[in-house]
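Novice: Take a look at this one; I'll ask things after.
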Amino acid sequence: MAEHVLLAEDRPNVRDLLARALRGAGFEVEAVPDGAAAIGRLNEDRFDVVVSDVKMPGASGTEVLAAARALDRPPEVVLVTAYAEVSAAVAALRAGAYDYVAKPVEAEDLVRVVRRAAERHRLVARTRELEAALTSGDSAFLGQSKAASEVRRWTERIGRLPVPVLLTGESGTGKEVVARELHRVFGRGPFVAVNCGAIPEPLLEAELFGAAKGAYTGATQDRAGLFEAAQGGILVLDEIGDLPLALQVKLNRALEEGEIRRVGATETRRLDVRVVAATHRDLEKMTREGGFRQDLYFRLKVAHLHLPPLRDRRDDIALLAARFLHLASARYGTAARRFSPEALAALEGGEWPGTVRELRHAVEAAAVLCDDDTIVPAQLAEHGGQAPAAPAGTWRAAQERAIDAAARDYFSGLLRRLGGNVTRAAIEAGMERETMHRLLRKHGIDPGRFRG
């Protein structure tokens with residue numbers, strides 16, 4: 001669907017020229033002859049971008065900007081200004097305008113700025129959707145993708161049944177989150193988890209099944225194991241693929257008979273535990289190669305869910321990042337509360353070979369670096385030394401992203417060398433100080449980071 005652009009220009013020939021250029025670029029354009037008419041239309045309809053001359057009869061461009069910013073879903077505003085009015089345009093940028101274009105207006109320059117303003121408007125709308133999604137629903141397994149929806153549907157369906165569950169998937173895909181969701185839906189008993197690969201084999205049996213006094217584990221008194229601790233609830237056996245073969249035999253027998261026996265004891269205890277096993281390894285392959293017992297594999301696989309990696313649920317990246325930012329703020333007391341639209345685009349376009357866990361660490365690192373309430377691409381760039389790549393698009397969009405990246409590198413390097421002195425940086429760059437400030441804001445660069 002084409003973006004809706006409101007064009008306010010009092011000179012008919014210029015208005016027609018700019019409207020034709022914007023329509024030729026694929027925008028839906030409504031042109032009005034003055035500021036008063038623009039404000040009237042803003043109160044009647046929704047627009048993605050407003051292009052307004054600064055000086056017009058009826059109402060000025062700054063008044064149009066104020067009216068646009070007062071809306072519940074404000075459009076991005078691009079101002080058209082003469083050179084002598086640049087100071088007023090800079091003030092408008094501080095008041096919330098997206099950008100300004102100096103007269104005489106080149107149609108190609110205006111189209112480029114409006115296209116970027118429309119993209120920002122889409123991203124801002126996406127951010128609002130994310131904030132709404134974070135406050136809705138009970139499930140901790142976030143996502144709006146088809147894959148995430150299927151995981152939630154499966155969890156709700158299987159969660160109420162007291163059957164063993166096998167969770168598979170790459171490390172960092174959210175297996176523990178799903179296990180906790182199963183416990184929430186199950187609705188009773190404790191939640192106990194153990195990493196089968198983190199405990200030495202001689203101790204693991206007693207850790208799972210308990211030990212009688214005087215057993216070979218050196219127990220000085222009877223000690224309950226994790227199966228007993230989880231009675232009536234759920235026991236998560238994480239990294240079940242690392243369970244030694246000898247213990248696989250005992251686990252299979254316990255599940256088959258519904259009883260457990262402490263190490264060194266003779267009496268058995270009734271087993272009332274729902275087992276959830278999780279692994280990143282290919283258990284089916286391990287059974288063929290003799291590394292995992294086939295009977296235990298099928299006993300654990302009564303209900304099986306393979307969790308998709310983040311690359312297969314890219315639509316969920318922004319929502320997950322917003323949740324991780326919220327958690328980082330609560331845990332570390334950081335100031336960051338949201339992502340700039342540009343930072344959100346960088347996250348969604350990035351590659352995350354470490355899946356959800358890597359995304360979480362990147363967000364936490366950016367939150368620690370951020371000095372105000374909004375994370376910008378510069379903070380993401382410092383995680384691993386490079387911001388995630390933007391998504392593929394048109395050649396023009398690729399050119400603009402390359403120009404933006406070069407500009408960020410240039411201004412960051414300049415300020416780093418000059419200790420954050422904006423005045424000296426502007427002189428060396430051959431531009432006005434206000435222009436330098438505008439470009440720094442545009443690219444999310446805080447000069448204060450380079451001082452001292």
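Derivation of every value follows stated rules applied to the coordinates shown; laboratory data play no part. A quick note: this is a predicted structure, and the numbers were derived from the prediction, not measured. For neighbour counting, all protein chains shown are included, and Cβ atoms are generated from backbone atoms with ideal geometry for every residue, glycine included.
Novice: Quick one: order Asp295, Asp99, Asp45 by neighbouring beta-carbon count within 10 Å, fewest to most.
Specialist: Fewest-to-most ranking of Asp295, Asp99, Asp45: Asp45, Asp295, Asp99.
Novice: While we're looking at this one, here's another question. For the pair Asp404 and Ile427, what calculated FRET efficiency results from E = 1/(1 + (r/R0)^6), where r is the Cβ-Cβ distance and R0 = 22 Å, to the nearest 0.05?
Specialist: 0.40
Novice: If you consider only alpha-carbon coordinates, what radius of gyration and Dmax does segment 283-340 have, in Å?
Specialist: According to the Cα coordinates of segment 283-340, Rg and Dmax are 19.5, 52 Å.
Novice: Using a Cα-Cα cut-off of under 28 Å, which lysines could be cross-linked to Lys103, ignoring same-chain neighbours fewer than 8 residues away?
Specialist: Lys55, Lys442
Novice: Stretch Ala198-Arg69 to full length: gain in nm at 0.36 nm per residue minus the Cα-Cα span?
Specialist: Gain in length upon complete extension: 40.9 nm.
Novice: Placing +1 at every Lys and Arg Cβ and -1 at every Asp and Glu Cβ, with all other atoms neutral, what dipole size does segment 193-273 have around its Cα centre, in debye to the nearest 20? Don't jump to the answer; show the numbers that get you there.
Specialist: Working: 8 positive and 13 negative charges, 63 e Å.
Here the size comes out at about 300 debye.
Novice: If you don't mind, there's one more thing I want to ask. Just grab the label-to-label distance for Leu327 and Arg157, each label 7 Å out from Cα along the Cβ direction, in nm (one decimal).
Specialist: 2.7
Novice: Computed FRET efficiency, Cβ-Cβ of Arg311 and Ala125, R0 25 Å: what is it to the nearest 0.05?
Specialist: 0.50
Novice: Note down the relative contact order for the chain as a percent, whole number, built from C-alpha pairs under 8 angstrom at least six residues apart. Don't skip to the answer; put the middle values down first.
Specialist: On the way: 738 pairs, mean separation 50.5, N = 452.
After rounding, I find 11 percent.
Novice: Just to confirm a number: summing +1 for Lys and Arg and -1 for Asp and Glu over residues other than Arg269 whose beta-carbon lies under 10 angstrom from that of Arg269, what do you get?
Specialist: Spelling it out: positives minus negatives among the neighbours equals -1.
Novice: Gain in length, Glu351 to Glu259, computed as 0.36 nm per residue apart minus the alpha-carbon separation, to one decimal in nm?
Specialist: 28.5 nm
Novice: Averaged over every viewing direction, what's the projected area of the C-alpha convex hull for segment 146-308? Give it in nm², one decimal, please.
Specialist: Result: 9.2 nm².
Novice: Looking at segment 1-75, which GluC sites (Glu not before Pro) are in a loop (DSSP not H, G, I, E or B) and have at most 16 other Cβ atoms within 10 Å?
Specialist: Taking segment 1-75 and a limit of 16 other Cβ atoms within 10 Å, the loop GluC sites (Glu not before Pro) found are Glu44.
Novice: Within the set of other residues whose C-beta is less than 15 Å from the C-beta of Arg331, count the net charge using Lys and Arg as +1 and Asp and Glu as -1. Write out the running numbers ahead of the final one.
Specialist: On the way: positive: Arg323, Arg337, Arg360; negative: Glu364.
My count for the surroundings of Arg331 gives +2.
Novice: Next up: Largest first and to the nearest Å, give the Cα extent of segment 4-134 along each principal axis.
Specialist: Sorted from largest, the Cα extents of segment 4-134 read 47, 30, 26 Å.
Novice: Next question. Considering every pair of different Cα atoms, what Kirkwood radius, in Å, is found for the chain?
Specialist: Working: mean 1/r = 0.0384 Å⁻¹.
So the Kirkwood estimate lands at 26.1 Å.
Novice: State to the nearest 20 debye the size of the charge dipole of segment 146-308 about its Cα centre, where the only charges are +1 on K and R beta carbons and -1 on D and E beta carbons. Walk me through the intermediate numbers first.
Specialist: Numbers: 24 positive and 22 negative charges, 106 e Å.
That gives a dipole near 520 debye.
Novice: Please get the size of the charge dipole for segment 4-134, origin at its Cα centre, with Cβ charges of +1 on Lys and Arg and -1 on Asp and Glu, quoted in debye to the nearest 20.
Specialist: Values: 18 positive and 21 negative charges, 51 e Å.
Value, rounded to 20: 240 debye.
Novice: Around Leu7, which amide H atoms from residues at least 5 apart in sequence, or from another chain, sit under 5 Å from its own amide H, with H modelled in the peptide plane?
Specialist: Glu30, Ala31, Val32, Val51
Novice: List the pairs from Lys146/Lys301; Lys175/Lys250; Lys175/Lys301 whose alpha-carbon separation is above 19 Å, in the order I gave them.
Specialist: Lys146/Lys301; Lys175/Lys250
Novice: Sequence gap at least 6, Cα distance under 8 Å: using those rules, report the relative contact order of segment 146-308 to the nearest whole percent.
Specialist: 33
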